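A.B. asks: Please read through the structure below; I'll follow up with questions.
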Amino acid sequence: MGISSPSSPLGRRWHVGILLAFALARLTVMGGSWESGLATGAEPAGSPRVESADGLEKATFGAGCFWCVEAVFQRLKGVVSVVSGYSGGRVKNPTYKQVCTGKTGHAEVVHITYDPKQISFAELLEVFWATHDPTTRNRQGNDKGPQYRSVIFYHNDEQKRLAEHYKRKLDESGAFRAPIVTEIAAFREFFPAEDYHQNYYNLNAAQPYCQFVIQPKLDKFKKVFGPKLKDDATASSPGDAK
């Protein structure tokens, strides 16, 4: 896990223009029939949810180092658990060392369990695209390799449709300075990472990577998405990998 450069485009991405572009994308997701906006967590009209027996849903995202991505999504209201791991590759039960070679095909991802009554997949997508650089292929900051690629592994046709729609609309809006290269692919299998990767920031906040990379990202995240965040006391969510 490399230390991101202060001159990276991270700061430029925390701009209201990106959020406005995302709001406009929501407006057009079903031909302009969006009603109450991001603040309420309302879904665009005509967007059915596919829920499990317990009413919870899954989302799987890769956005660079999973330590960072885990820390972000753990803090969202409605997120029940976040598990760091690997997905999208050819090797069964890969180790971190294997994935770091860049030869397994796997990406570092977070496997999220969330309550759609509290937070929608569209809102998760908003956080996903606003908190990493989706225009750099196989790289986030100083972390380089296909394991750090920007990727959405969709769990159903509705997630695929929403991901493709928002990706296209964000590109058309010019919210980013370069085209979005985020991969959108069907979810196949998830392999949890080793125990020491789980809940990493919450357990290792004094480590240099946490202090110089994750904490600044969380500070900006809290300023932009404050109303959507849990209390700090409830941010930890190791969860399960089902």
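Readers should treat all values here as calculations from the given coordinates under stated rules, not as data from a laboratory. As the structure is a computational prediction, the values presented were derived from the model and not from experiment.
A.B. asks: First check a/c for the stretch 57-199, with a ≥ b ≥ c the square roots of the eigenvalues of its C-alpha gyration tensor; if it is under 1.5, answer rounded, and if not, answer prolate when a/b is larger than b/c or oblate otherwise.
C.D. replies: Values: a/c = 1.57, a/b = 1.17, b/c = 1.34.
Oblate shape, in that a/c is at least 1.5 and b/c is the bigger or equal ratio.
A.B. asks: Mean separation of Cα pairs under 8 Å and 6+ residues apart, divided by the residue count of the stretch 67-224: what relative contact order is that in percent?
C.D. replies: Details: 223 pairs, mean separation 47.0, N = 158.
After rounding, I find 30 percent.
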